[in-house]
Amino acid sequence: MLDRLRPGGDGGPPPPIRSVRVRRWVVVVVVAALLVAVPAVVAAWPVSAPDVSPTELRDRVAASGDLPWSGYAEASGGLNLPDVAQFSDVTTLLSGTSRLRGWYAAPDRVRVDQLYAGGERSRYTTPNGQVVWDYGAQLLTYVRRDPLVRLPRPDDLLPPQLARRLLSGTLPDDPVSALPPRRVAGVDAAGFRVTVADPRTTVGALDVWADPADGLPVAVEVRIKNSAGTLAAGPVVGTSFLELDRGTPDPSLLQVQPTPGVGVTRSPTSDLFGVLGRGSPDAVPSTVDGVDRVAPQRGFAAIGKYGTTLSQLIVVPLPADIAGSLLDNIGDAGSAGRSISVTPPENALGRTANATAGALESPLLSLAVLRVGNRAWAVGGLVPDDVLDRAVADIADSAGAP
């Protein structure tokens, strides 16, 4: 009996060696193909319709800030912003793919790692401030605080943070509709779309998928309005978890543990707006494009915030040399940059100052730089050209006021 089971026994002649090798490689190829196909098959599994209304789910998402989680997400930005030295971190973040790993125990106990091919950069949020660990530079920076109005950074692109931040800029009466459910990182996620009615913003809709049980966002897509005022076909910014653990993270992962020999420094803020905003509240006007300035944050009196919705404008004063460099970069940006016509303001003595303005543009975000004499400002927001141009004109006019 055993002989029949051996190659060359009564079961027939042994198969050719080449045939055996071919069969082995066929098995390897088939197994590899199955492994590659598993994620797509899992994502395509049918997801049952959630027992929650779109409006209720939106409210659960807005209230999800205390839910713990840890996971890995990938975010992609299609803004195609030109590389500008002063804003290189932002332009890279919003024009490429970011790989992010996060641990979230509470709003003041968070760690986010941005992963690169050769290392990582980590940001820890603690009850006492923030700590930034730069693996490449082997540098640990203790940050006292950043302003509430600041430049985008990697942790803003994690699904929970992006969903809550953008939803806070929508209005209660913006239309909310259901989206087909998705399976995201093991979660049977319910989806909803908030269609943004405000004509003063480039944002057309926010698409969010979340755990229907408690509202934790697991995927977000931002869509813009096209020239006809309808939604563009695809998202310009998207983020989604690929791995997710709903348990509370190990506290040791949220604690900074520097090793011997690592450089340590301290900084009052890690954000450029935070540096520029530590001036006089009179550095920016009280009204821009018909919108009154929101009361400034203590310690950052020179940052101007106009409005609280997605169409809000941000104005910060700039040193003349930085403004000149930015205007030069705008001039070299090709189709992503344009000049803005500005009427030179007249002061109380009847004299006019030289005025120059230009803008960096993308389908979603616009940033203008205005220089009037030896004063300058940066103006930005998720706004179309006409809103940005009126804001620049208002700031120029205020520069000539006594």
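The values are calculated or read from the model by the stated rules, or taken from the named source; none is laboratory data. Everything numeric here is computed off the predicted structure, so don't read it as measured data. Because the Cβ atoms are built from the backbone with ideal geometry, glycine has one as well, and the counts that use them run over all protein chains shown. Remember, those area values only see protein heavy atoms, side chains included, never the ligands or the DNA or RNA. Shrake-Rupley method; radii C 1.70, N 1.55, O 1.52, S 1.80 Å.
State the percentage of accessible surface on segment 68-211 attributable to carbon and sulfur atoms; use a 1.4 Å probe and exclude ligands, DNA and RNA.
On the way: 3030 of 5950 Å².
Whole-percent figure for carbon plus sulfur exposure: 51.
Once the whole set of protein chains is in place, how much accessible area is left on residue 303, using a 1.4 Å probe, in Å² to the nearest 10?
Roll a 1.4 Å probe over it and residue 303 shows about 10 Å².
What is the sum of charges, Lys and Arg at +1 and Asp and Glu at -1, for the other residues whose Cβ falls under 15 Å from the Cβ of residue 321? Kindly include the intermediate steps, with their values, before the conclusion.
Details: positive: 371, 375; negative: 328.
Summing Lys and Arg as +1 and Asp and Glu as -1 gives +1.
Where a ≥ b ≥ c are the square roots of the eigenvalues of the C-alpha gyration tensor, would you call segment 304-402 rounded, which needs a/c under 1.5, or, failing that, prolate if a/b is larger than b/c, or oblate?
oblate
Any idea what diffusion coefficient segment 147-239 gets from Stokes-Einstein, in µm²/s, Kirkwood Rh on alpha carbon pairs, 25 °C, 0.890 mPa s? Walk me through the intermediate numbers first.
Values: Rh = 13.8 Å.
So the translational diffusion coefficient is about 178 µm²/s.
Taking Rh as the Kirkwood radius, which is the inverse of the mean 1/r over Cα pairs, what is the Rg/Rh value for segment 260-304?
Details: Rg = 15.2 Å, Rh = 12.4 Å.
Taking Rg over the Kirkwood Rh, I get 1.23.
Using a 1.4 angstrom probe, figure out how much accessible area segment 91-198 has per residue, in square angstrom, rounded to the nearest whole. Mind dumping the intermediate values first?
Details: 4810 Å² over 108 residues.
Per residue, segment 91-198 has an accessible area of 45 Å².
To check my understanding: the extent here is largest minus smallest coordinate of the Cα atoms along each principal axis. What are those three numbers for segment 252-378, in Å, largest first?
Each principal axis gives a Cα extent; for segment 252-378 these are 62, 36, 30 Å.
Only four residue types carry charge here, +1 at the Cβ of Lys and Arg and -1 at the Cβ of Asp and Glu. Report the dipole size of segment 236-380 about the Cα centre in Debye, rounded to the nearest 20. Don't skip to the end; give the middle numbers.
Values: 10 positive and 12 negative charges, 85 e Å.
For this selection, approximately 420 debye.
Translational D (Stokes-Einstein, µm²/s) of segment 82-187 at 4 °C and 1.567 mPa s when Rh comes from the Kirkwood sum over C-alpha pairs?
On the way: Rh = 16.1 Å.
This corresponds to a translational diffusion coefficient of 81 µm²/s.
Computed FRET efficiency, Cβ-Cβ of residue 332 and residue 51, R0 35 Å: what is it to the nearest 0.05? Could the numbers behind the result be given before it?
Working: r = 55 Å, r/R0 = 1.57.
Using R0 = 35 Å, I get an efficiency of 0.05.
For segment 317-331, list residues with backbone N below 17 Å from a point placed 7 Å from the Cα of residue 275 toward its Cβ?
Taking a point 7 Å out along Cα→Cβ of residue 275, the residues of segment 317-331 whose backbone N falls under 17 Å are 317-327.
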